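Asks: First the structure, which I've put down as structure tokens, then a few questions once you've had a look.
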Amino acid sequence: MRVLVGKNFARLPMERGLTQEQVEERSGFSQWYISSLERGRRNPTIISLYELANALGVTVADLIAASDEPKGVDAPYADAPQQASPSQKRKPQG
């Protein structure tokens with residue numbers, strides 16, 4: 001998740017023409033924190049994500065969205081084998 005947020009946080013300011021200095025000024029976070037976040041070295045709290053999203057003019061969902069995954073697929077578990085439900089595991093009686 002840190003890497004995903006970092007990639008999005010590095011991309012979104014550039015798309016808006018913002019420098020790290022401008023993001024620092026708008027958000028109140030240091031350039032060191034912003035740089036660490038962009039490199040996937042920080043694990044921001046939901047409050048930090050909210051404040052950073054506001055500083056960029058985006059939503060928190062924009063910061064955590066995986067841009068390369070198909071819609072409607074839960075990315076981390078999309079390829080995982082599905083386990084049978086308890087009702088599917090019961091043996092037929094008879």
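The values are calculated or read from the model by the stated rules, or taken from the named source; none is laboratory data. The model shown is predicted, which means the values in this text are computed figures rather than measured ones. Note: ideal-geometry Cβ built from the backbone for every residue, glycine included; neighbour counts use all protein chains shown.
Asks: Please go through the range 1-57 and give me each residue that is assigned to a helix (DSSP H, G or I) and touching a residue at least 40 places away in the same chain (Cβ under 8 Å), ordered by number.
Replies: Matches in the range 1-57: R2, L4, V5, N8, F9, L12, P13, L49, L52, L56.
Asks: Considering every residue within the range 64-80, establish whether at least one is within 15 Å of A10 (Cα to Cα), outside any loop (DSSP other than H, G, I, E, B), modelled with pLDDT of 90 or more and touching a helix residue (DSSP H, G or I) at 6+ places or on another chain (Cβ under 9 Å).
Replies: yes
Asks: Scan the range 36-68 for residues that are of a type in the set (G, A, S) and surrounded by fewer than 16 Cβ atoms within 10 Å (Cβ to Cβ) and jot them down.
Replies: Within the range 36-68, G57, A61, A65, A66, S67 meet the criteria.
Asks: Another question about this same structure. Just checking, does the range 4-23 include any residue being exposed (fewer than 11 other Cβ atoms within 10 Å of the Cβ), hydrophobic (A, V, I, L, M, F, W, C) and either within 11 Å of the chain's Cα centre (by Cα) or at pLDDT below 90 (or both)?
Replies: Among the residues of the range 4-23, not one is exposed (fewer than 11 other Cβ atoms within 10 Å of the Cβ), hydrophobic (A, V, I, L, M, F, W, C) and either within 11 Å of the chain's Cα centre (by Cα) or at pLDDT below 90 (or both), which makes the answer no.
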